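Working notes for the structure below.
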Amino acid sequence: MKNVVLTGIGGQGTVLAAKILAQAAQVRGWHVRTAETIGMAQRGGSVTSHVRMGNEGEHVASPLVGAGAADMLIAFEPGEAARMLGLLDAQGVLVTASNVKQPVTASLSKTVYAAAPVLEALERREGATVVVDESALLELVGNSKALNIVLLTVAISQRDAQGNPLLGISLDEFKEAIRVCVKPKFVDMNLAAVDAVCKELGLR
């Protein structure tokens, strides 16, 4: 079983990212279940998506990832990474964006919310933490709304100790899922974003 949690702020494309990941797993013939907690998404609130994939032929009974059970946490915002870290296995991989997006709770607080101390804390965790400079990559791909594609490209390209795709999904399967899930007029743009990120970061 492969368990992935995606978390971010409303408007960042978290739900679509989960849909693409689930579709990529289905391309492999895996049984998949997903669930979303959206809440105040349209008002800048937190969004969390669970994706559970039966990579060894299992039937997935429940869509929710339990505490400490996620193989990977994909965070579109570092504060949301910290908030949802309890769902990630101690040895699981965290892939997180590096820039702060102020959630509603932070905007109502008098305390300054900065990314640096949050990222420092995340990088001290036992498992691997991959911090993505999304601003540079989004500028490279020329599309400020491609954050979900940028982070998914990095996440799907992560390898285990044997050099195999950590999530068991190839970039070709990821691209096929994009073709299915993304509106036709945006498909080529998103596929180009995948290629640009891979070339820039040397991913495969």
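The values are calculated or read from the model by the stated rules, or taken from the named source; none is laboratory data. Owing to the predicted nature of the structure, the values given are computational and were not obtained by experimental measurement. With ideal geometry, Cβ positions are generated from the backbone for all residues, glycine too; neighbour counts draw on all protein chains shown. Just so you know, the surface numbers come from the protein's heavy atoms only, side chains and all, with ligands and any DNA or RNA stripped out. Shrake-Rupley method; radii C 1.70, N 1.55, O 1.52, S 1.80 Å.
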Exercise. Tell me, what is the percent relative contact order of the chain, built from C-alpha pairs under 8 Å that lie six or more residues apart?
Worked result: 21
Exercise. If each of His31 and His59 carries a label point 7 Å out from its Cα toward its Cβ, how far apart are those two points in nm?
Worked result: 0.5
Exercise. What pairs in Lys101/Lys199; Lys101/Lys145; Lys145/Lys183; Lys19/Lys185; Lys101/Lys183 have C-alpha atoms more than 22 Å from each other?
Worked result: Lys101/Lys199; Lys101/Lys183
Exercise. Which percent of Cα pairs goes in each bin when the distances of the chain are cut into 10 angstrom slices starting at zero?
Worked result: 9, 37, 39, 13, 1
For this session: First select every other residue whose beta carbon is under 14 angstrom from the beta carbon of Val100; then total the charges, Lys and Arg +1, Asp and Glu -1.
Result: -3
For this session: Please give the length that would be gained between Gln91 and Asp172 if that part of the chain were fully extended, namely 0.36 nm times their separation in residues minus their C-alpha to C-alpha distance (nm, one decimal).
Result: 26.5 nm
Seminar exercise, completed: Rounded to whole Å², per residue accessible area for segment 92-194 with a 1.4 Å probe reads 52
Problem set entry | Accessible surface of the chain, 1.4 Å probe, proportion on carbon and sulfur as whole % | 51
Seminar exercise, completed: Expressed as a percent, the portion of alpha-carbon pairs in segment 88-188 spaced more than 23 Å apart is 41
Problem set entry | Probe 1.4 Å, protein heavy atoms only - accessible area per residue of segment 1-75 in square angstrom | 42
For this session: Tell me the label-point distance for the pair Ala116, Asn164, using the 7 Å Cα-to-Cβ offset, in nm and rounded to one decimal.
Result: 4.2
Exercise. If you place +1 on the Cβ of every Lys and Arg, -1 on the Cβ of every Asp and Glu, and leave all else neutral, what size is the dipole of the chain about its Cα centre, to the nearest 20 Debye?
Worked result: 520
Problem set entry | Segments 128-136, 173-181, 78-86 sorted - mean Cβ within 10 Å per residue, highest first | 78-86, 173-181, 128-136
